[in-house]
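Since the structure comes first, as structure tokens, the remarks are kept for the end.
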Amino acid sequence: MIRFDQVTKRYADGTMAVDDLTFEVGEGELVTLVGPSGCGKTTTMLMVNRLIEPTSGRIFVDGEDISEVDPVKLRRRIGYVIQQVGLFPHRTILDNTATVPALIGWKKSRARARAAELLDLVGLDPKLYGSRYPEQLSGGQRQRVGVA
């Protein structure tokens, strides 16, 4: 569950990116933020994992106020796909997918095994794509790696 409670983001120059936003997304629900360029969609998303801090209001994930959670630990437990995918160009697809498990201390073999499962889940055969690099994939394939 994600809940925004009167969240506002105002930048130092006075720009109001998000103004008094309140909504809730229940577990298992899908939500789409729709609006014109510059209306605060990306800012809203970046506040969920504290890449941008709100000026006021509170955001809760699973009932926990995220302002009281270590941002790095918060980000590691939230799935998030950025607009430009964000894969490491010098790492293979399998190693890109194993990044978070490795960061949280999984043994390399376990992280790579889970990465292979996730690649398979998004329709990319790990035997075929795991040793490739991001530049060797189509945009849609790179997006699926980002999801994995």
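The values are calculated or read from the model by the stated rules, or taken from the named source; none is laboratory data. Because the structure is a prediction, the values reported are computed rather than measured. Cβ coordinates were reconstructed from backbone atoms using ideal geometry, including for glycine residues, and neighbour counts include every protein chain displayed. Note: accessible area is taken over every heavy atom of the protein model, side chains too, but ligands, DNA and RNA are not part of it. Shrake-Rupley method; radii C 1.70, N 1.55, O 1.52, S 1.80 Å.
Quick one: which helices (runs of 4 or more DSSP H) sit completely within the range 64-128 and have at least 1 residues that are open to solvent by 80 Å² or more (accessible area, probe 1.4 Å) and at pLDDT 95 or above?
Numbers: elements: 71-76, 93-97, 99-103, 108-121.
Once the helices (runs of 4 or more DSSP H) in the range 64-128 are filtered for at least 1 residues that are open to solvent by 80 Å² or more (accessible area, probe 1.4 Å) and at pLDDT 95 or above, what remains is 108-121.
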Legend entry - Filter result (assigned to a helix (DSSP H, G or I) and touching a residue at least 40 places away in the same chain (Cβ under 8 Å)) within the range 129-138: Pro134, Glu135
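Does Ile52 meet the test of being assigned to a strand (DSSP E or B) and surrounded by 17 or more Cβ atoms within 10 Å (Cβ to Cβ)?
On the way: assigned to a strand (DSSP E or B): no; surrounded by 17 or more Cβ atoms within 10 Å (Cβ to Cβ): yes.
Against the criterion (assigned to a strand (DSSP E or B) and surrounded by 17 or more Cβ atoms within 10 Å (Cβ to Cβ)), Ile52 does not qualify.
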Inset, instruction - Under 7 Å between Cβ atoms, at least 6 apart or on separate chains: pull out the pairs that start in the range 27-40 with a residue that is farther than 23 Å from Thr15 by Cα and open to solvent by less than 90 Å² (accessible area, probe 1.4 Å) and end on any residue that is outside any loop (DSSP other than H, G, I, E, B) and of a type outside the set (D, E, K, R). - result: Val31/Val25
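Is it true that some residue in the range 104-121 is within 21 Å of Met45 (Cβ to Cβ) and touching a residue at least 24 places away in the same chain (Cβ under 8 Å)?
Our first condition is that a residue be within 21 Å of Met45 (Cβ to Cβ); within the range 104-121, this holds for none.
No, that holds for no residue.
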Legend entry - Odd one out for Ile59, checked against (1) without any contact (Cβ under 8 Å) to a residue 24 or more places away in the chain; (2) hydrophobic (A, V, I, L, M, F, W, C); (3) surrounded by 16 or more Cβ atoms within 10 Å (Cβ to Cβ); (4) more than 30 Å from Arg132 (Cβ to Cβ): (1)
